1. For a test of the definition: using alpha carbon positions, the gyration tensor, and the 1.5 limit on a/c, classify region B:265-517 as rounded, prolate or oblate.
2. For Cα pairs less than 8 Å apart in space and 6+ apart in sequence, what is the mean separation divided by the residue count of chain B, i.e. the relative contact order in percent?
3. For each of B:L510, B:L484, count neighbouring Cβ atoms within 10 Å of the residue's Cβ, then give the residues from fewest to most.
4. Taking H as built 1.01 Å from N, whose amide H comes closer than 5 Å to the amide H of A:Q7, not counting residues under 5 places away?
5. What whole-number distance in Å separates the alpha-carbon centres of region B:161-237 and region B:399-448?
6. Using the Cα centre of the protein assembly as shown as origin and beta-carbon charges of +1 (Lys, Arg) and -1 (Asp, Glu), tell me which of B:S371, B:G495, B:N461 is placed farthest towards the positive end of the dipole.
7. Shielding of B:162-168 by partners, i.e. mean partner chain Cβ atoms within 10 Å per residue?
8. For B:K428, go through the lysines and keep the ones whose alpha-carbon is under 25 Å away, minus same-chain ones fewer than eight residues off.
Amino acid sequence: MSQTHEQYYVPAQSKWPIIATIGLSTTLYGLGAWFNDLSAERAESNGPLIMFVGALFLAYMLHGWFADVIRESRGGLYSAQMDRSFRWGMSWFIFSEVMFFVAFFGALFYVRTISGPWLGGEGDKGVTNMLWEGFEFTWPLLSNPDNKLFPPPSAVIDAWQLPLINTILLVTSSFTVTFAHHALKKNKRGALKAWLAVTLVLAVAFLALQVEEYIFAYQELGLTLGSGIYGATFFMLTGFHGAHVTMGAIILAVMLVRIMKGHFDAEQHFGFEAASWYWHFVDVVWIGLFIFVYVL
Amino acid sequence: MSAVIDHTAHAGHDHHHGPAKGLMRWVLTTNHKDIGSMYLWFSFIMFLVGGSMAMVIRAELFQPGMQIVEPEFFNQMTTMHGLIMVFGAVMPAFVGLANWMIPLMIGAPDMALPRMNNFSFWLLPAAFGILLSTLFTEAGGPNFGWTFYAPLSTTYAPESVTFFIFGVHLMGVSSIMGAINVVATILNLRAPGMTLMKMPLFVWTWLITAFLLIAVMPVLAGCVTMMLMDIHFGTSFFSAAGGGDPVLFQHVFWFFGHPEVYIMILPAFGAVSAIIPAFARKPLFGYTSMVYATASIAFLSFIVWAHHMFTVGIPLTGELFFMYATMLIAVPTGVKVFNWVSTMWRGSMTFEAPMLFAVAFVILFTIGGFSGLMLAIAPADFQYHDTYFVVAHFHYVLVPGAIFGIFASAYFWLPKWTGHMYDEVLAKTHFWMSFIGMNLAFFPMHFVGLAGMPRRIPDYNLQFADFNMISSIGAFTFGASQLLFLFIVIKCIRGGKPAPAKPWDGAEGLEWSVPSPAPYHTFSTPPEVK
């Protein structure tokens with residue numbers, strides 16, 4: 001606020017918010033209709049079509065809205081103060097994402113340390129064991145209270161195989177994206193492109209191995225969404241993390257394209273920086289996952 | 001620093017700084033005042049819709065026995081009434097006030113991220129469109145109460161629960177974006193010289209509310225996502241048969257739900273802290289302690305959630321911890337009430353409509369706070385749980401708390417918004433009808449609750465008949481008086497005595513330094529704050 005001649009940019013009318021609303025609500029409505037039809041085992045569903053139309057709106061909006069922002073930024077309309085608004089915005093967005101994962105981690109910890117042992121007959125509310133007498137609570141849970149309703153897995157994923165490799169991939173990618181950032185700040189465009197490309201390769205490799213792990217879990221171990229609370233927490237946490245990695249990888253890919261086109265300079269590059277913040281965030285979440293979902 | 005207001009949409013032929021013409025102005029706008037007005041109107045429409053559902057509930061409960069609606073529909077009404085009032089009426093009203101007033105109060109040209117601001121708003125009609133449409137489906141709308149406990153909302157839910165879940169997701173996205181916008185605006189767009197401890201309390205309380213929103217709305221999203229997975233993809237988060245726990249639902253829900261109740265009251269605290277000094281013609285007593293009290297309430301709100309679950313079977317240590325932590329909230333809340341009363345002490349008071357609502361707020365919210373303390377006592381709560389005593393308690397904090405706070409704010413700032421004074425006689429009539437109506441409606445609920453009348457049941461024992469009839473009469477009075485409010489607002493928009501820039505003698509703040517009605521763009525160049 002010390003800069004007296006700076007100007008804060010207030011954009012003109014924009015069609016993107018309403019298109020975004022139409023896109024997002026149509027997509028979710030279609031998804032809901034589809035899920036209901038699937039669960040009711042109805043042969044036909046117009047859900048996927050509605051969802052597809054909504055997704056088209058969303059794609060159009062994302063392209064157009066970001067194009068506007070990029071144009072304004074490159075047109076020099078954004079002041080240092082605007083930059084700070086974006087920084088606050090991104091920081092709090094990442095905080096909200098952290099809290100989303102907190103809900104699932106909280107569910108995992110609660111089941112493992114509180115309600116699970118009770119169900120197995122231990123602790124304050126061990127009396128709940130009368131519901132399924134003889135049920136023993138272990139973690140990983142290889143025998144559920146009702147094994148007919150929720151067929152348990154025969155084994156779970158070994159932390160020291162694919163997950164370890166994935167940890168190495170993702171932690172390395174956090175370093176490479178930082179190297180790319182340093183290269184950008186020193187205006188070394190070649191190194192920037194190279195490190196960012198390496199980050200993307202690591203991201204794709206991570207996702208590929210994650211898919212491999214899911215296939216193995218479903219086909220070989222019988223570890224599925226429906227195999228009791230272990231499968232539920234496992235797939236919820238790793239699945240949403242994977243979705244975030246996918247999102248982060250797409251963002252980084254867009255950044256690479258923009259860098260190829262000559263966008264960003266040593267001083268002004270918050271778009272890139274925000275992408276790297278997001279990437280560090282998915283990395284930190286993964287470390288939490290590796291420790292609490294796979295190892296312990 | 002100054003602002004560039006982009007007029008490219010209609011540049012080239014004129015340089016006027018007014019709004020665009022026609023309906024599309026509202027659809028495409030990035031102006032914080034337009035968006036604030038839309039939030040406020042949306043909130044009021046939802047208030048009337050949710051209120052109509054309350055009228056159905058009270059009509060059914062007018063007399064014992066099954067009167068008007070089927071029990072299934074009664075359940076849908078209680079559920080939708082709660083959801084609409086919480087997410088559709090109270091929260092958007094405060095976001096609307098934030099949109100209108102925060103940039104004016106801190107000397108900012110607009111909200112920090114104006115396009116995202118419009119996105120936040122438009123998601124709400126979409127979300128409630130989806131939610132309300134389920135009422136017209138064959139299986140009916142959500143019927144599991146606004147707290148949607150599993151397994152009622154999972155294993156035994158109607159199909160509409162899927163749309164309910166996605167509706168909640170949309171509301172969550174809207175709230176989070178709105179809150180991020182508020183935080184970025186307050187932290188980054190204050191006029192030079194306006195330090196944090198010089199901010200009006202409404203801005204402070206909204207900053208803290210926005211933090212609460214960003215912290216807990218994602219947890220609610222996680223909660224409904226687990227429901228979605230349990231319903232459609234065979235997971236067992238809330239099913240003990242697979243090793244999960246239905247009580248887990250309640251923990252996750254109330255981890256969101258308790259901060260949520262402060263989200264619905266803190267901005268009202270802020271507004272009342274502006275209104276009482278204005279009409280007592282004295283500066284607010286204990287500004288600093290107000291800020292710290294608000295922050296303390298926000299912190300405590302994260303560690304008290306299980307007081308909603310005393311009877312569900314949590315260990316004794318848990319009951320004790322949550323009981324004492326809950327009672328602790330009475331301390332910062334007491335600080336606030338003390339400060340409001342001290343502000344009025346020996347003030348030169350007048351009682352225009354905003355002040356009437358604000359004083360009623362202080363008294364009646366305190367009653368709601370006291371019944372909250374009664375409910376916080378774990379052993380006593382076993383008697384109160386799920387009775388009308390709980391309904392009386394939270395309606396006492398939400399109606400004369402949140403909603404009177406909104407009415408007080410509306411009357412206080414209507415001259416600034418419209419450029420006209422509202423009709424004081426009608427406004428006072430609105431106040432007294434609302435005041436009498438709501439007390440008639442909710443006070444007897446304490447008695448029937450203590451005597452054991454359960455909530456969410458369309459029929460009741462004969463012994464509760466008299467009090468229920470009084471409640472219903474009070475509710476109808478309160479409901480009808482809101483139509484008067486609609487009339488007053490429309491009348492004020494269309495005309496009335498022109499309002500000066502500062503219509504209230506004792507009012508302070510930057511918002512009174514701009515003309516009434518506030519020009520379309522204000523503070524393009526920030527004012528200097530000493």
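1. Since a/c reaches 1.5 but b/c is at least a/b, the shape of region B:265-517 is classed as oblate.
2. 19 percent
3. Taking fewest neighbouring Cβ atoms as first place, the list is B:L484, B:L510.
4. Placed amide hydrogens put B:S2 under 5 Å from A:Q7.
5. Each part reduced to its Cα centre gives a spacing of 27 Å.
6. Comparing the listed Cα positions along the dipole, B:G495 ranks first.
7. For this peptide, the per-residue mean of nearby foreign Cβ atoms is 5.
8. In chain and number order, the partners are B:K282, B:K416, B:K491, B:K497, B:K502.
Bear in mind these aren't lab numbers, they're just calculated from the coordinates by the rules spelled out. Treat the numbers as computed from the prediction; the structure is a model and nothing was measured. Here Cβ is always computed from backbone atoms with ideal geometry, including for glycine, and neighbour counts include all displayed protein chains.
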